[in-house]
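To start, the structure under review is shown below, and the notes come after it.
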Amino acid sequence: MAPFADLEAFLAPGGPTRVIAHRGCSGSAPENTLAAFRAAAQVGADMVELDVQPSRDGAVMVFHDEALDRTTDGRGPLAARTLAELRALDAGSWFDARFAGERIPTLAEALAALGPTLPVNVEVKPEAVDDRVEGGFVARVVDELRAAGFVERTLLSSFDSRALAQARALEPGLRRSQLYDASAHAGVPPAELLGRHGARTLSLAARQVRPGVVADVHAAGGLVLVYTVNELAAARRLAGRGVDGVFTDHPERLLAGLRAGGAPGA
Ligand code: G3P
Ligand code: MG
């Protein structure tokens with residue numbers, strides 16, 4: 001049985017190391033596609049992380065890079081294309097011919113691929129954040145989450161704290177996670193960073209896990225999540241330092257190792 005019954009259980013202190021599928025199972029399927037999300041549900045990941053940004057005509061698209069070039073057969077900025085134009089692109093062949101025909105999903109399509117219970121971390125790309133609360137991109141994301149019945153299942157995150165502030169104003173019950181921005185947040189104590197916008201977790205790059213950070217976040221009642229951790233030994237080391245969860249391109253690998261036979265970090 002899954003160790004976390006719901007998102008609130010996932011966010012409660014203690015428990016096994018959380019294994020978060022980074023852009024879905026992006027080590028074995030093209031990132032941020034329905035194939036990658038379905039795989040994450042199938043292998044039993046504890047959460048799926050995905051990235052969102054707007055098309056030219058305002059659709060909420062699931063996509064990581066600013067440009068289409070690396071992960072599709074399109075060229076140039078995603079934000080310059082309409083939903084209809086984006087739908088025509090192939091987002092799978094670059095990864096493997098087996099995935100030819102995978103599309104860039106909308107947020108609504110991605111959420112529908114997660115099955116009945118899997119929590120999701122929706123990361124609002126900083127370039128997508130604007131100053132508007134009503135009518136801004138974060139408001140559109142919140143509308144999509146409401147329409148899909150996902151407010152309770154979503155951890156909304158961003159490097160840009162404005163996204164958290166706006167989400168809180170629009171939908172206070174939507175749980176939030178602060179991604180640590182080394183320049184914007186330099187010198188800010190972790191507890192203060194969490195407290196500013198009522199974030200439940202602080203997400204850090206593995207190299208940013210400095211002595212004291214984990215204890216400080218825990219003292220503030222939060223969790224520490226670390227990206228991107230693809231090797232079991234690294235996940236075990238981080239778990240040994242008190243890290244609560246890891247984003248990984250290989251959830252199947254880490255789940256097999258961390259949950260096998262009550263090993264450390266299991
Ligand atoms: O949310 C963790 C991680 O996804 C942040 O970085 O660039 O992979 O979206 P990135
Ligand atoms: Mg991300």
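The values are calculated or read from the model by the stated rules, or taken from the named source; none is laboratory data. Predicted model only: the values in this text are computed from it and were never measured. Backbone-built Cβ (ideal geometry, glycine too); neighbour counts: all protein chains shown.
Contact map, the stretch 21-33: first residue closer than 14 Å to residue 121 by Cβ and touching a residue at least 24 places away in the same chain (Cβ under 8 Å), second residue among the hydroxyl-bearing types (Ser, Thr, Tyr) and within 14 Å of ligand 1 (Cβ to nearest atom), Cβ cut-off under 6 Å, separation 6 or more or different chains; pairs are 22/228; 22/248. Within the stretch 57-68, the residues that satisfy the criterion of being buried (at least 17 other Cβ atoms within 10 Å of the Cβ) and either at positive phi or not in a strand (DSSP E or B) (or both) are 59, 63, 64, 68.
Considered as a group, the residues in the stretch 69-78 that are surrounded by fewer than 17 Cβ atoms within 10 Å (Cβ to Cβ) and farther than 26 Å from residue 250 by Cα include one that is nearest to ligand 2 (Cβ to nearest atom), and that residue is 77.
Select from the stretch 95-112 the residues that are touching a residue at least 60 places away in the same chain (Cβ under 8 Å), closer than 15 Å to residue 26 by Cα and either outside any loop (DSSP other than H, G, I, E, B) or within 22 Å of the chain's Cα centre (by Cα) (or both) and list them in ascending order.
Narrowing the stretch 95-112 to residues touching a residue at least 60 places away in the same chain (Cβ under 8 Å): 95-96, 99, 102-105, 109-110.
With closer than 15 Å to residue 26 by Cα added as a condition, the list becomes 95-96, 99, 102-105, 110.
95, 99, 102, 103, 104, 105, 110, listed by residue number.
In the stretch 136-242, counting only helices (runs of 4 or more DSSP H) that sit wholly within it, the ones holding 1 or more residues that are under 24 Å from residue 255 (Cβ atoms) and in contact (Cβ under 8 Å) with a residue 40 or more places away in the chain span 213-219, 232-240.
Can you go through 45, 40, 84, 91 and tell me which one is part of a helix (DSSP H, G or I) and either among the charged types (D, E, K, R) or buried (at least 17 other Cβ atoms within 10 Å of the Cβ) (or both)?
Working: 45 fails: part of a helix (DSSP H, G or I); 84 fails: either among the charged types (D, E, K, R) or buried (at least 17 other Cβ atoms within 10 Å of the Cβ) (or both); 91 fails: part of a helix (DSSP H, G or I).
Only one candidate qualifies: 40.
Going residue by residue through the stretch 48-56, is there one that turns out to be crowded, with 24+ Cβ neighbours inside 10 Å, in contact (Cβ under 8 Å) with a residue 40 or more places away in the chain and charged (D, E, K, R)? Scanning the stretch 48-56, I find at least one residue that is crowded, with 24+ Cβ neighbours inside 10 Å, in contact (Cβ under 8 Å) with a residue 40 or more places away in the chain and charged (D, E, K, R), so the answer is yes. Kindly check whether there is at least one residue in the stretch 120-135 that is within 16 Å of ligand 1 (Cβ to nearest atom), assigned to a loop (DSSP other than H, G, I, E, B) and either over 23 Å from residue 61 (Cβ atoms) or of a type in the set (Lys, Arg) (or both). Yes, the conditions are met somewhere in the stretch 120-135.
Looking at 163, 206, 169, 186, just one residue is at pLDDT 95 or above and away from ligand 2 (no atom under 16 Å from the Cβ), and that residue is 169.
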